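Structure first, commentary second.
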Amino acid sequence: MRNALIFCLALFAGPSLADEAPHEATAPPATLPFKVGVATVTRVDYERLLNGTVDAVNETTISAETSGTVTAIYYDVDDFVKQGDIILRIKATT
């Protein structure tokens, strides 16, 4: 297989190498017919803006078994709450 590959390369490269004449050195044109710029590598963040509505999978209503005043709130609307987390503190009133 390797010998066949070398033979094919020699077969196609041989005639093209024999026909080449030595190139004379030519000076590049003084001005180019187009604008030339410098390419730079830059990171571009991919961003897509979409319109839509997101609904919660699980939703619940919270109610207290006691009366009182809320003294501290630890979570806000749309925050993720794990089971057992304290959501708020209530000071009991009598």
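Listing for the model above:
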| quantity | calculated |
| --- | --- |
| Residue count for region 39-94, restricted to those that are of a type in the set (G, A, S) and surrounded by 10 or more Cβ atoms within 10 Å (Cβ to Cβ) | 3 |
| Any chance T42 is among the polar types (S, T, N, Q) and in a loop (DSSP other than H, G, I, E, B) | yes |
| Matching entry among I86, I62, I90 (being in contact with a Gly (Cβ under 8 Å, 6 or more places away or on another chain) and hydrophobic (A, V, I, L, M, F, W, C)) | I90 |
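Each value in this text was obtained by applying a stated rule to the coordinates, not by laboratory testing. Being a predicted model, the structure only gives us computed values, none of them experimental. In this analysis, Cβ positions are derived from the backbone assuming ideal geometry, glycine residues included, and neighbour counts consider all displayed protein chains.
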